[in-house]
Amino acid sequence: MSSSDRSPVVDLTRTYEVRTYGCQMNVHDSERLSGLLEDAGYVRAPDGSDGDADVVVFNTCAVRENADNRLYGNLGRLAPMKTKRPGMQIAVGGCLAQKDRDTIVKKAPWVDVVFGTHNIGKLPVLLERARVQEEAQVEIAESLEAFPSTLPTRRESAYAAWVSISVGCNNTCTFCIVPALRGKEKDRRTGDILAEIEALVGEGVSEITLLGQNVNAYGSDIGDREAFSKLLRACGKIEGLERVRFTSPHPRDFTDDVIAAMAETPNVMPQLHMPMQSGSDTVLKAMRRSYRQERYLGIIDKVRAAIPHAAITTDIIVGFPGETEEDFDQTLHAVREARFAQAFTFQYSKRPGTPAATMEGQIPKEVVQARYERLVALQEEISWDENKKQVGRTLELMVAEGEGRKDEATHRLSGRAADNRLVHFTKPDTEVRPGDVVTVEITYAAPHHLLAEGAVLDVRRTRAGDAWDKRNAAEAVKPAGVMLGLPKIGAPEPLPVATGSGCGCD
């Protein structure tokens with residue numbers, strides 16, 4: 001390693017803040033960016049610093065609508081702060097940086113570093129180079145330099161963790177720009193994945209989420225179509241690992257051996273998030289999604305036959321170019337048949353650089369909005385009906401941190417059931433920590449959460465709770481951290497009133 005590639009040693013008083021936008025992959029990348037900066041000697045800025053850090057890093061998304069406007073708006077707000085603070089640095093990474101490259105520095109010349117999705121490990125070096133040379137450093141790699149999991153990581157949770165099993169995507173969906181920015185799929189060695197999981201469990205983690213742009217295509221590098229199901233089964237043999245989830249699979253690669261592995265591996269949770277995108281065969285073809293409604297619903301039937309209590313969630317795009325009223329009716333039909341626990345629904349909007357952006361038949365905004373509202377209303381009804389079936393059931397919950405916004409006012413705590421449903425429960429007299437497990441009886445159902453209003457039936461203190469205690473004790477003697485605005489482990493908040501391609505890790 002040359003001296004220019006070594007992580008610079010910096011003044012321990014220099015602080016950093018990371019702001020994250022986009023999908024779970026970006027969230028996990030931000031954990032690595034934080035780890036890299038702390039490994040180089042930076043200290044996380046106090047909570048609520050709002051740009052008052054020595055280094056502010058934007059980890060960007062190119063998928064969400066108005067992603068570029070949001071970035072440049074935030075950069076504009078930091079410009080006067082940087083003028084008043086000599087030595088302050090601003091870095092922009094992620095998918096939008098990979099796409100726009102030199103454009104960022106042209107539009108915001110006060111930015112010090114621009115880096116892409118393939119070379120996040122270079123951030124500390126680029127910051128130091130920009131400081132020494134007193135000019136912006138733009139470095140965008142065209143292919144992956146090192147698998148991100150080899151980089152230092154500052155995990156956002158003591159009890160639950162993302163574990164990346166692959167990067168990139170080999171699909172060519174016409175609404176999605178992610179493959180162009182993340183590259184072709186590259187799988188990680190199974191032994192390395194399991195070693196990371198075992199190390200995390202050794203630190204107290206009890207829940208992991210396997211992460212990939214197309215997670216169940218894992219094994220394509222080595223030509224093993226059953227590699228993902230084998231990985232799930234291997235996770236089942238790791239002592240101390242209580243919960244295994246994964247996101248997001250693609251229906252094309254969702255095979256019977258995966259269903260069998262889910263059903264037969266006790267610590268693989270009865271939960272599946274599988275993007276449908278549309279229920280119309282015509283629209284699916286235009287999207288270049290390599291399945292049709294019958295194939296998709298057939299997978300749902302097989303999952304429910306093998307795992308009767310499975311909670312299934314999905315992504316749906318409304319108003320894709322050329323979508324007719326008949327096409328939309330087919331989506332409504334598929335939703336009624338599938339009976340999703342939740343659906344994350346997006347209004348289609350153009351993404352420059354995608355084939356769909358130039359397709360004929362772009363749908364007027366008012367038509368898309370009306371269809372979106374009809375779909376949301378239908379899914380709300382189904383979600384509520386499905387949640388009502390949980391009333392009277394006794395469930396084990398892993399206590400979560402920060403998932404119940406009203407917990408303090410209502411004297412409740414919140415946790416996730418095995419199927420990832422959010423449950424608010426009465427706070428017991430005994431101490432309960434995030435990562436601990438409680439047993440409760442469900443007494444009430446709402447469309448997006450459940451309540452357990454009676455006394456907690458059982459409290460099980462766990463190593464994950466111990467890890468949470470240990471982390472809090474350590475953080476108490478260090479500068480407070482800045483939250484990245486991360487989604488919680490598991491599915492994101494349901495039914496966002498949003499517009500977008502619906503593309504994430506799918």
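The values are calculated or read from the model by the stated rules, or taken from the named source; none is laboratory data. All figures in this text were calculated on a predicted structure; none of them were measured in a lab. Backbone-built Cβ (ideal geometry, glycine too); neighbour counts: all protein chains shown. In case anyone asks, the SASA skips ligands and DNA or RNA and just uses the protein heavy atoms, side chains included. Shrake-Rupley method; radii C 1.70, N 1.55, O 1.52, S 1.80 Å.
In Å, what Rg and Dmax follow from the Cα atoms of segment 209-318?
14.0, 47
Taking 7 Å along the Cα-to-C-beta vector as the label spot, tell me the ASP301-ALA234 distance in nanometres, rounded to one decimal.
Each label point lies 7 Å from its Cα, and together they span 3.4 nm.
Using a 1.4 angstrom probe and counting only protein chains, how large is the accessible area of ASP329 in Å², to 10?
70
Cross-link partners among lysines for LYS389, C-alpha distance below 21 Å, same-chain residues fewer than 8 apart left out?
Excluding near neighbours in sequence, the set is LYS302.
Straight-line reach from LYS184: which lysines have Cα under 18 Å away, leaving out those fewer than 8 places along the same chain?
By straight Cα distance, LYS184 reaches LYS99.
Once phi is turned into θ = phi - 60°, what whole-Hz ³J(HN,Hα) does the Karplus curve with 6.51, -1.76 and 1.60 give for every residue of segment 280-291, x standing for Gly and Pro?
8, 4, 5, 5, 4, 5, 5, 6, 6, 8, 8, 8
Treating only the Cβ of Lys, Arg, Asp and Glu as charged (+1, +1, -1, -1), what charge dipole size does the chain show about its Cα centre? Round to the nearest 20 debye.
It works out to roughly 540 debye.
Using the Karplus equation 6.51 cos²θ - 1.76 cosθ + 1.60 (θ = phi - 60°), what ³J(HN,Hα) coupling, rounded to whole Hz, does each residue of segment 329-346 give in order, writing x for Gly and Pro?
4, 5, 5, 4, 4, 5, 5, 5, 6, 6, 6, 5, 5, 8, 10, 9, 10, 10
Quote the convex hull volume per residue of segment 115-250, based on C-alpha atoms, as a whole number of Å³.
126
How high is the FRET efficiency from ARG77 to THR410, r the C-beta distance, R0 35 Å, rounded to 0.05?
Approximately 0.50, to the nearest 0.05.
Of the peptides 423-435, 400-412, how do they stack up when ordered by the mean number of other Cβ atoms within 10 Å, highest first?
423-435, 400-412
Say R0 is 41 Å: what FRET efficiency, to the nearest 0.05, do GLU203 and GLU264 get from their beta-carbon distance?
0.90
Starting from the amide H of VAL114, placed 1.01 Å from N in the peptide plane, find each other amide H under 5 Å away whose residue is 5 or more places distant or on another chain.
So VAL114 has HN proximity to VAL92, GLN137, VAL138, GLU139.
With only alpha-carbon atoms counted, please give the Rg and Dmax of the chain, in Å.
For the chain, the Cα-based Rg and Dmax read 22.7, 66 Å.
Greater than 20 Å separation of Cα atoms is the criterion. Which listed pairs, LYS122/LYS350; LYS186/LYS230; LYS107/LYS350, meet it?
Correct reply: LYS122/LYS350; LYS107/LYS350.
Counting only helical runs of four or more DSSP H residues, what would the 222 nm mean residue ellipticity of the chain come to if each run contributes -39,500 (n - 2.57) and the total is spread over all its residues?
-10500 deg cm²/dmol
Could you pull out every one of the aspartates and glutamates with an alpha carbon less than 16 Å from that of LYS84, ignoring same-chain neighbours closer than 8 positions?
Correct list for LYS84: ASP50, ASP52, ASP54, ASP112.
Over segment 402-448, calculate the relative contact order: mean separation of alpha carbon pairs under 8 Å at least 6 apart, over the residue count, as a percent.
24
Expressed as a rounded percentage, what relative contact order does the chain have, with Cα pairs under 8 Å and six or more residues apart?
Worked out over the chain, it gives 15 percent.
Calculated FRET efficiency, GLU441 and GLU294, Cβ-Cβ r, R0 30 Å, to nearest 0.05?
Given R0 = 30 Å and the Cβ-Cβ separation, E is 0.15.
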